[in-house]
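Colleague: Have a look at this one before I ask anything.
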Amino acid sequence: MERRKIIAGNWKMNMTPSEAVALIEKLKPLVATDSADVVFCVPAIDIIPAVEAVKGTNIGIGAENMYFEEKGAFTGEISPAMLTDAGVKYVIIGHSERREYFAETDETVNKKVLKAFEHGLTPIICCGESLTQREQGITIDWIRQQIKIAFLNVTAGQAKDAVIAYEPIWAIGTGKVATTEQAQEVCAAIRACIAEIYDDATAAAIRIQYGGSVSAASAPELFAQADIDGGLVGGASLKEDFGAIVNWQ
Ligand code: PGA
(Lines give C-alpha, C1' and ligand atoms only; values in the text may rest on other atoms or scores of the structure.)
Protein backbone atom coordinates (compact mmCIF):
# COMPACT_ATOMS: atom_id res chain seq x y z
CA MET A 1 0.00 0.00 0.00
CA GLU A 2 1.29 3.40 -0.93
CA ARG A 3 1.14 5.76 2.03
CA ARG A 4 0.76 9.46 1.36
CA LYS A 5 3.66 11.46 2.74
CA ILE A 6 2.97 14.01 5.47
CA ILE A 7 5.40 16.84 6.02
CA ALA A 8 4.75 19.03 9.03
CA GLY A 9 6.48 22.14 10.27
CA ASN A 10 6.81 22.58 14.03
CA TRP A 11 7.19 26.30 14.61
CA LYS A 12 7.74 25.86 18.38
CA MET A 13 7.69 29.20 20.27
CA ASN A 14 8.41 31.32 17.23
CA MET A 15 6.40 33.89 15.24
CA THR A 16 3.99 36.49 16.53
CA PRO A 17 0.56 36.50 14.86
CA SER A 18 1.58 39.12 12.31
CA GLU A 19 4.90 37.38 11.64
CA ALA A 20 3.00 34.11 11.19
CA VAL A 21 0.80 35.56 8.46
CA ALA A 22 3.81 37.05 6.68
CA LEU A 23 5.65 33.70 6.81
CA ILE A 24 2.63 31.81 5.49
CA GLU A 25 2.29 34.29 2.61
CA LYS A 26 5.96 33.74 1.76
CA LEU A 27 5.82 29.93 1.99
CA LYS A 28 2.42 29.36 0.34
CA PRO A 29 3.69 29.19 -3.25
CA LEU A 30 6.79 27.22 -2.20
CA VAL A 31 4.91 24.41 -0.44
CA ALA A 32 2.20 23.95 -3.07
CA THR A 33 2.07 20.23 -3.96
CA ASP A 34 -0.48 17.52 -4.68
CA SER A 35 1.77 14.67 -3.67
CA ALA A 36 1.98 15.13 0.12
CA ASP A 37 0.00 16.46 3.07
CA VAL A 38 1.52 19.73 4.25
CA VAL A 39 0.94 20.92 7.82
CA PHE A 40 2.05 23.99 9.74
CA CYS A 41 1.93 23.43 13.50
CA VAL A 42 1.87 26.90 15.01
CA PRO A 43 1.71 28.52 18.47
CA ALA A 44 -1.84 28.68 19.87
CA ILE A 45 -2.16 32.42 19.45
CA ASP A 46 -1.24 32.14 15.75
CA ILE A 47 -3.89 29.53 14.98
CA ILE A 48 -6.77 31.82 14.04
CA PRO A 49 -4.82 34.10 11.67
CA ALA A 50 -2.98 31.07 10.27
CA VAL A 51 -6.22 29.21 9.45
CA GLU A 52 -7.44 32.36 7.69
CA ALA A 53 -4.15 32.78 5.79
CA VAL A 54 -4.11 29.20 4.42
CA LYS A 55 -7.71 29.25 3.13
CA GLY A 56 -7.82 27.87 -0.43
CA THR A 57 -4.36 26.32 -0.19
CA ASN A 58 -3.09 22.77 0.40
CA ILE A 59 -1.78 23.69 3.87
CA GLY A 60 -3.43 22.26 7.00
CA ILE A 61 -2.99 23.95 10.36
CA GLY A 62 -1.92 22.04 13.46
CA ALA A 63 -1.52 22.92 17.12
CA GLU A 64 1.62 22.17 19.11
CA ASN A 65 -0.20 20.91 22.19
CA MET A 66 -3.65 20.65 23.81
CA TYR A 67 -5.12 19.56 27.13
CA PHE A 68 -6.96 16.27 27.68
CA GLU A 69 -10.02 17.66 29.49
CA GLU A 70 -13.09 19.05 27.74
CA LYS A 71 -13.27 22.38 29.57
CA GLY A 72 -13.11 23.97 32.99
CA ALA A 73 -10.70 25.22 35.61
CA PHE A 74 -7.40 24.58 33.83
CA THR A 75 -5.94 28.07 33.58
CA GLY A 76 -3.74 28.55 30.57
CA GLU A 77 -4.71 25.37 28.73
CA ILE A 78 -6.34 24.91 25.31
CA SER A 79 -9.15 22.38 24.81
CA PRO A 80 -9.65 20.10 21.83
CA ALA A 81 -12.98 21.79 20.98
CA MET A 82 -11.22 25.16 20.89
CA LEU A 83 -8.85 23.73 18.30
CA THR A 84 -11.47 22.12 16.09
CA ASP A 85 -13.74 25.18 16.25
CA ALA A 86 -10.80 27.31 15.09
CA GLY A 87 -10.23 25.04 12.08
CA VAL A 88 -7.29 22.98 13.37
CA LYS A 89 -6.88 19.48 11.91
CA TYR A 90 -3.71 18.18 13.58
CA VAL A 91 -2.12 18.37 17.01
CA ILE A 92 1.41 17.51 18.06
CA ILE A 93 1.33 15.42 21.23
CA GLY A 94 4.23 14.58 23.53
CA HIS A 95 7.01 16.51 21.84
CA SER A 96 10.27 15.89 23.72
CA GLU A 97 10.44 19.58 24.69
CA ARG A 98 7.05 19.26 26.38
CA ARG A 99 8.19 16.09 28.11
CA GLU A 100 11.40 17.79 29.28
CA TYR A 101 10.15 21.27 30.29
CA PHE A 102 6.42 20.77 30.94
CA ALA A 103 6.25 17.40 32.67
CA GLU A 104 4.49 15.51 29.88
CA THR A 105 4.59 11.77 30.49
CA ASP A 106 3.62 8.74 28.45
CA GLU A 107 0.39 8.68 30.48
CA THR A 108 -0.58 12.30 29.66
CA VAL A 109 0.35 11.62 26.05
CA ASN A 110 -2.08 8.68 26.03
CA LYS A 111 -4.89 10.80 27.53
CA LYS A 112 -4.30 13.51 24.94
CA VAL A 113 -4.19 11.02 22.06
CA LEU A 114 -7.55 9.53 23.13
CA LYS A 115 -9.06 13.01 23.47
CA ALA A 116 -7.72 14.15 20.10
CA PHE A 117 -9.36 11.18 18.37
CA GLU A 118 -12.62 11.79 20.22
CA HIS A 119 -12.67 15.24 18.62
CA GLY A 120 -11.60 14.19 15.14
CA LEU A 121 -8.14 15.72 15.42
CA THR A 122 -5.19 13.84 13.92
CA PRO A 123 -2.52 13.44 16.60
CA ILE A 124 1.14 13.67 15.63
CA ILE A 125 2.51 11.52 18.43
CA CYS A 126 6.17 12.12 19.25
CA CYS A 127 8.62 9.56 20.55
CA GLY A 128 12.39 9.43 20.73
CA GLU A 129 15.41 8.40 22.74
CA SER A 130 18.13 10.45 24.44
CA LEU A 131 21.77 10.13 23.48
CA THR A 132 22.45 8.15 26.67
CA GLN A 133 19.69 5.70 25.82
CA ARG A 134 21.09 5.25 22.31
CA GLU A 135 24.57 4.67 23.69
CA GLN A 136 23.18 2.15 26.19
CA GLY A 137 21.58 0.22 23.33
CA ILE A 138 18.04 0.57 24.67
CA THR A 139 16.59 2.76 21.89
CA ILE A 140 14.15 0.21 20.49
CA ASP A 141 12.96 -0.97 23.93
CA TRP A 142 12.37 2.64 24.98
CA ILE A 143 10.48 3.60 21.83
CA ARG A 144 8.33 0.46 21.99
CA GLN A 145 7.32 1.37 25.53
CA GLN A 146 6.46 4.95 24.51
CA ILE A 147 4.35 3.64 21.61
CA LYS A 148 2.57 0.99 23.66
CA ILE A 149 1.54 3.49 26.33
CA ALA A 150 0.59 6.22 23.82
CA PHE A 151 -1.80 3.79 22.07
CA LEU A 152 -3.46 2.27 25.16
CA ASN A 153 -7.23 1.99 24.50
CA VAL A 154 -6.86 3.53 21.04
CA THR A 155 -8.87 1.44 18.56
CA ALA A 156 -7.38 0.05 15.35
CA GLY A 157 -9.74 2.28 13.38
CA GLN A 158 -8.32 5.34 15.14
CA ALA A 159 -4.71 4.17 15.11
CA LYS A 160 -4.59 3.84 11.34
CA ASP A 161 -5.18 7.59 11.04
CA ALA A 162 -2.54 8.56 13.61
CA VAL A 163 0.80 10.06 12.70
CA ILE A 164 3.87 9.06 14.71
CA ALA A 165 6.95 11.27 14.71
CA TYR A 166 10.19 9.51 15.58
CA GLU A 167 12.47 12.25 16.87
CA PRO A 168 15.76 11.23 18.48
CA ILE A 169 16.28 13.90 21.15
CA TRP A 170 19.98 14.23 20.31
CA ALA A 171 19.06 15.17 16.74
CA ILE A 172 16.58 17.94 17.59
CA GLY A 173 17.87 21.43 16.92
CA THR A 174 21.45 20.19 16.97
CA GLY A 175 22.18 19.98 13.26
CA LYS A 176 23.05 16.31 14.00
CA VAL A 177 20.58 14.46 11.80
CA ALA A 178 20.24 10.71 12.39
CA THR A 179 21.73 8.59 9.65
CA THR A 180 19.25 7.25 7.15
CA GLU A 181 19.88 3.74 8.50
CA GLN A 182 19.25 4.78 12.13
CA ALA A 183 16.04 6.59 11.19
CA GLN A 184 14.74 3.75 9.01
CA GLU A 185 15.61 1.12 11.62
CA VAL A 186 13.57 2.81 14.35
CA CYS A 187 10.65 3.71 12.07
CA ALA A 188 10.49 0.05 10.95
CA ALA A 189 10.52 -1.04 14.61
CA ILE A 190 7.66 1.36 15.35
CA ARG A 191 5.64 -0.11 12.47
CA ALA A 192 6.34 -3.63 13.73
CA CYS A 193 5.18 -2.56 17.22
CA ILE A 194 1.92 -1.22 15.74
CA ALA A 195 1.46 -4.55 13.92
CA GLU A 196 1.88 -6.37 17.23
CA ILE A 197 -0.61 -4.13 19.03
CA TYR A 198 -3.15 -4.17 16.18
CA ASP A 199 -2.59 -5.96 12.87
CA ASP A 200 -0.68 -5.71 9.60
CA ALA A 201 -3.31 -3.54 7.93
CA THR A 202 -3.11 -0.91 10.68
CA ALA A 203 0.68 -1.00 10.57
CA ALA A 204 0.62 -0.58 6.80
CA ALA A 205 -1.70 2.42 7.01
CA ILE A 206 -0.18 4.43 9.86
CA ARG A 207 2.19 7.20 8.88
CA ILE A 208 5.57 7.55 10.59
CA GLN A 209 7.65 10.70 10.28
CA TYR A 210 11.27 11.29 11.09
CA GLY A 211 12.17 14.51 12.90
CA GLY A 212 15.43 16.02 14.10
CA SER A 213 17.48 18.49 12.06
CA VAL A 214 15.70 17.65 8.80
CA SER A 215 17.00 19.93 6.06
CA ALA A 216 16.53 20.34 2.33
CA ALA A 217 19.75 18.35 1.95
CA SER A 218 18.82 15.40 4.19
CA ALA A 219 15.10 15.12 3.40
CA PRO A 220 15.26 13.26 0.05
CA GLU A 221 17.25 10.29 1.33
CA LEU A 222 15.27 10.09 4.58
CA PHE A 223 11.86 10.33 2.91
CA ALA A 224 12.82 7.66 0.34
CA GLN A 225 13.10 5.01 3.09
CA ALA A 226 10.48 2.27 3.17
CA ASP A 227 9.12 3.15 6.63
CA ILE A 228 9.59 6.93 6.67
CA ASP A 229 6.45 8.71 5.52
CA GLY A 230 7.62 12.30 5.81
CA GLY A 231 9.03 14.59 8.45
CA LEU A 232 8.38 16.79 11.45
CA VAL A 233 10.55 19.79 10.77
CA GLY A 234 11.54 22.44 13.31
CA GLY A 235 14.13 25.06 12.37
CA ALA A 236 13.92 24.54 8.61
CA SER A 237 10.12 24.97 8.61
CA LEU A 238 10.56 28.69 9.32
CA LYS A 239 12.60 29.22 6.17
CA GLU A 240 12.19 28.94 2.43
CA ASP A 241 13.96 25.57 2.76
CA PHE A 242 10.61 24.15 3.85
CA GLY A 243 9.47 24.49 0.23
CA ALA A 244 12.35 22.28 -0.92
CA ILE A 245 11.66 19.77 1.89
CA VAL A 246 7.99 19.50 0.92
CA ASN A 247 8.95 19.10 -2.74
CA TRP A 248 11.72 16.65 -1.90
CA GLN A 249 11.18 14.39 -4.93
P1 PGA B 1 14.53 20.55 14.32
O2 PGA B 1 13.27 20.26 15.26
O3 PGA B 1 14.11 20.23 12.91
O4 PGA B 1 14.82 22.01 14.52
O5 PGA B 1 15.63 19.66 14.79
C6 PGA B 1 12.43 19.15 15.03
C7 PGA B 1 11.37 19.08 16.10
O8 PGA B 1 11.67 19.32 17.27
O9 PGA B 1 10.19 18.77 15.80
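Colleague: In region 144-178, how many are of a type in the set (Asp, Glu) and touching a residue at least 60 places away in the same chain (Cβ under 8 Å)? Even if it seems obvious, please write down each step before you answer.
Modeller: Step one: of region 144-178, the residues of a type in the set (Asp, Glu) are 161, 167.
Filter once more, keeping what is touching a residue at least 60 places away in the same chain (Cβ under 8 Å): 167.
Residues in region 144-178 being of a type in the set (Asp, Glu) and touching a residue at least 60 places away in the same chain (Cβ under 8 Å): 1 in total.
Colleague: Same structure, new question: Assess whether LEU114 counts as being at pLDDT 95 or above, open to solvent by 20 Å² or more (accessible area, probe 1.4 Å) and within 15 Å of the ligand (Cβ to nearest atom).
Modeller: Details: at pLDDT 95 or above: yes; open to solvent by 20 Å² or more (accessible area, probe 1.4 Å): yes; within 15 Å of the ligand (Cβ to nearest atom): no.
Here the answer is no, as LEU114 does not meet what is asked.
Colleague: In this structure, does CYS187 turn out to be modelled with pLDDT of 95 or more, under 18 Å from GLU2 (Cα atoms) and within 16 Å of the ligand (Cβ to nearest atom)?
Modeller: Yes, satisfied.
Residues are listed down the side, and each one gets a yes or a no for (1) under 20 Å from ILE143 (Cβ atoms); (2) in contact (Cβ under 8 Å) with a residue 24 or more places away in the chain; (3) in contact with a helix residue (DSSP H, G or I) (Cβ under 7 Å, 6 or more places away or on another chain):
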| position | (1), (2), (3) |
| --- | --- |
| ALA188 | yes, yes, no |
| GLU196 | yes, no, no |
| THR202 | yes, yes, yes |
| LEU222 | yes, yes, yes |
| GLY234 | yes, yes, no |
| SER237 | no, yes, no |
| ALA244 | no, yes, no |
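Colleague: Then there's this: What number of residues in region 147-170 are under 15 Å from the mean Cα position of the chain (by Cα) and within 16 Å of the ligand (Cβ to nearest atom)?
Modeller: Within region 147-170, residues that are under 15 Å from the mean Cα position of the chain (by Cα) and within 16 Å of the ligand (Cβ to nearest atom) number 7.
Colleague: With a cut-off of at least 3 residues that are touching an Asp or Glu at 6+ places or on another chain (Cβ under 9 Å) and open to solvent by 20 Å² or more (accessible area, probe 1.4 Å), name the helices (runs of 4 or more DSSP H) lying wholly within region 178-232. So that I can check it myself, show each step before the final result.
Modeller: Working: elements: 180-197, 200-205, 219-223.
Filter on region 178-232 gives 180-197.
Colleague: Out of region 117-133, which residues are in a loop (DSSP other than H, G, I, E, B) and either more than 16 Å from the ligand (Cβ to nearest atom) or surrounded by 23 or more Cβ atoms within 10 Å (Cβ to Cβ) (or both)? Before the answer, list the steps.
Modeller: Let us first name the residues in region 117-133 that are in a loop (DSSP other than H, G, I, E, B), namely 119-121, 128-130.
If the condition is that a residue be in a loop (DSSP other than H, G, I, E, B) and either more than 16 Å from the ligand (Cβ to nearest atom) or surrounded by 23 or more Cβ atoms within 10 Å (Cβ to Cβ) (or both), then HIS119, GLY120, LEU121, GLY128, GLU129 are the ones that fit.
Colleague: So ASP141 ticks every box in (1) within 26 Å of PRO17 (Cβ to Cβ); (2) among the charged types (D, E, K, R); (3) without any contact (Cβ under 8 Å) to a residue 60 or more places away in the chain but one. Which box is left unticked?
Modeller: It is condition (1) that ASP141 fails.
Colleague: Is at least one residue of region 134-143 farther than 20 Å from LYS176 by Cα and open to solvent by less than 20 Å² (accessible area, probe 1.4 Å)?
Modeller: Taking region 134-143 and keeping what is farther than 20 Å from LYS176 by Cα, we get 141-142.
Imposing the further condition that a residue be open to solvent by less than 20 Å² (accessible area, probe 1.4 Å) reduces the set to none.
Among the residues of region 134-143, not one is farther than 20 Å from LYS176 by Cα and open to solvent by less than 20 Å² (accessible area, probe 1.4 Å), which makes the answer no.
Colleague: List the residue pairs whose Cβ atoms are under 7 Å apart, where the first residue sits in region 1-24 and is in contact (Cβ under 8 Å) with a residue 24 or more places away in the chain and of a type outside the set (Ser, Thr, Tyr), the second is open to solvent by 30 Å² or more (accessible area, probe 1.4 Å) and part of a helix (DSSP H, G or I), and the two are 6 or more positions apart or on different chains.
Modeller: So the pair list comes out as MET1/ALA204; TRP11/LEU238; ASN14/LEU238; PRO17/ILE45; PRO17/PRO49; ALA20/PRO49; VAL21/PRO49; LEU23/LEU238.
Colleague: From the list GLU69, GLU104, GLU52, GLU77, pick out the single residue that is among the acidic types (Asp, Glu) and within 16 Å of the ligand (Cβ to nearest atom).
Modeller: Numbers: GLU69 fails: within 16 Å of the ligand (Cβ to nearest atom); GLU52 fails: within 16 Å of the ligand (Cβ to nearest atom); GLU77 fails: within 16 Å of the ligand (Cβ to nearest atom).
Among GLU69, GLU104, GLU52, GLU77, only GLU104 is among the acidic types (Asp, Glu) and within 16 Å of the ligand (Cβ to nearest atom).
Colleague: Moving on. How many residues are touching a Phe, Trp or Tyr at 6+ places or on another chain (Cβ under 9 Å) and more than 14 Å from the ligand (Cβ to nearest atom) if we restrict to region 224-249?
Modeller: Total meeting the criteria: 6.
Colleague: Looking at GLN209, GLN182, GLN133, GLN146, which is the one that is touching a Leu at 6+ places or on another chain (Cβ under 6 Å) and at pLDDT 95 or above?
Modeller: Working: GLN182 fails: touching a Leu at 6+ places or on another chain (Cβ under 6 Å); GLN133 fails: touching a Leu at 6+ places or on another chain (Cβ under 6 Å); GLN146 fails: touching a Leu at 6+ places or on another chain (Cβ under 6 Å).
Result: GLN209 is the single residue among GLN209, GLN182, GLN133, GLN146 that is touching a Leu at 6+ places or on another chain (Cβ under 6 Å) and at pLDDT 95 or above.
Colleague: Now, a different point. Residues being at negative phi and more than 16 Å from the ligand (Cβ to nearest atom): count how many of those fall in region 82-101.
Modeller: Initial filter on region 82-101 (at negative phi): 82-86, 88-93, 95-101.
So of that shortlist, the ones also more than 16 Å from the ligand (Cβ to nearest atom) come out as 82-86, 88-89.
Of the residues in that region, 7 qualify.
The values are calculated or read from the model by the stated rules, or taken from the named source; none is laboratory data. Nothing here was measured: the structure is a model prediction, and the numbers come from that model. Here the Cβ is made from the backbone with ideal geometry for all residues, glycine too, and neighbour counts use every protein chain on show. Areas reflect the complete protein model, heavy atoms only, side chains present, ligands, DNA and RNA absent. Shrake-Rupley method; radii C 1.70, N 1.55, O 1.52, S 1.80 Å.
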